[in-house]
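Worksheet for the structure shown next.
The values are calculated or read from the model by the stated rules, or taken from the named source; none is laboratory data. Since we're looking at a predicted model, the values are computed, not measured. Here the Cβ positions follow ideal geometry from the backbone for every residue, glycine too, while neighbour counts run over all protein chains shown.
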Amino acid sequence: MFGLKPTRARNPLGPFYGDAGSGIVSEHAVTRSVRDSALLLDLTSRLGAGEPYYAPKRESSFLSATERDPRPLRVGVVTEAGGENATHEDCIEACQKAGKLLSDLGHFVEDAKFTHDAIAYHRRCVHIFAAMANWAVNDWARRTGKPISEADFEPFTWFLYQRGQKISSGEYLLIVQDMQRYTRDIARFFNRFDVMVTPAMMVPPPPLGYLAAEKETISQAATRMMSYTLFCFIANGAGLPSASLPLHWNDDGLPIGVLATGQAGSEELLFSLAAQVERALPWSARAPKISAL
């Protein structure tokens, strides 16, 4: 499956929502092909009246972008974020192979490092996520008229709800301030590169129950959650477009994703690049082994 997270405000969140988590939410879909994703975004993206954010204007249709190869691009490949969590070798290999493919396609590829403090940035995003969990629970309680009960939620969701309850309005705005400062640091990456390539996750797809908070402490569950969200939150928090490319399979037959992230408003470039990659290494006919254990 191919996934694209659009630029912030490319798809409006109305009529119920405008600002979800200080702009951390951008909705789209996963599709079998790059073409389908581009066509769908052509149909759904628009400038909604009264929206709190505005995406940069596009040059042409997203669908037409899939029909042409991009110019030679400067690609920076980042596989490590620092901190205690190391990226699994399968995920590093996925990025290295993606870099080799992009180089073979005529792009200028080199190893790179983040221009922001990825761990500190991620911590701010997690706090916003906790505030969002609290907001979402209260929003649906108000919509449905149902009282909020711990019995209705998984333990980790309830933990996030309670953590969000403890964040004051002033503290929340300080977190947003910090996150936006780090976003400016992220933007400096694109002074040198057109595209940032990273693993989609820090670990291969794990067995069911990997994130079950009942089996461990909440802090342990939160640490495990970081292995899923650290690279993804870069585009979420900064409002950047990012494409998930299913290019690699490990020795266990599990798919390992690679993210290609661009500057705000660069969906056309990402669609063009993703379609070029898809033509070179098609994925739609592949399926992982299914385990019934």
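Among (1) over 22 Å from VAL203 (Cβ atoms); (2) in contact with a Ser or Thr (Cβ under 7 Å, 6 or more places away or on another chain); (3) at pLDDT below 95; (4) not hydrophobic (A, V, I, L, M, F, W, C), there is one condition THR87 misses while meeting the rest; what is its number?
The failed condition is (1).
Restricting to region 86-99, name every residue that is surrounded by 19 or more Cβ atoms within 10 Å (Cβ to Cβ) and not in a helix (DSSP H, G or I).
THR87 - this is the single residue of region 86-99 that is surrounded by 19 or more Cβ atoms within 10 Å (Cβ to Cβ) and not in a helix (DSSP H, G or I).
Take region 167-184 and flag every residue that is under 17 Å from LEU230 (Cα atoms) and out of contact with any helix residue (DSSP H, G or I) (no Cβ under 8 Å at 6 or more places or on another chain).
GLN180
Can we say LEU63 is surrounded by 18 or more Cβ atoms within 10 Å (Cβ to Cβ), of a type in the set (A, V, I, L, M, F, W, C), touching a residue at least 12 places away in the same chain (Cβ under 8 Å) and out of contact with any strand residue (DSSP E or B) (no Cβ under 8 Å at 6 or more places or on another chain)?
Yes: the conditions hold for LEU63.
Residue-by-condition table, conditions (1) of a type in the set (S, T, N, Q); (2) within 24 Å of PHE233 (Cα to Cα); (3) touching a Gly at 6+ places or on another chain (Cβ under 6 Å):
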residue	(1), (2), (3)
SER45	yes, yes, no
ALA49	no, no, no
LYS57	no, yes, no
LEU63	no, no, no
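Within region 218-293, which helices (runs of 4 or more DSSP H) (wholly inside it) include 2 or more residues that are at pLDDT 90 or above, closer than 30 Å to ASP185 by Cα and of a type outside the set (Gly, Ala, Ser)?
Here the list reads 232-238, 267-280.
Consider SER244 carefully, then state whether it is hydroxyl-bearing (Ser, Thr, Tyr) and more than 24 Å from VAL203 (Cα to Cα).
When the stated conditions are applied, SER244 does not pass them.
Can you pull out the residues in region 100-139 that are small (Gly, Ala, Ser), under 27 Å from GLN165 (Cβ atoms) and surrounded by 20 or more Cβ atoms within 10 Å (Cβ to Cβ)?
If the condition is that a residue be small (Gly, Ala, Ser), under 27 Å from GLN165 (Cβ atoms) and surrounded by 20 or more Cβ atoms within 10 Å (Cβ to Cβ), then ALA130, ALA131, ALA133 are the ones that fit.
Out of all the residues in region 122-152, which are modelled with pLDDT of 90 or more, of a type in the set (Phe, Trp, Tyr) and closer than 21 Å to MET226 by Cβ?
none
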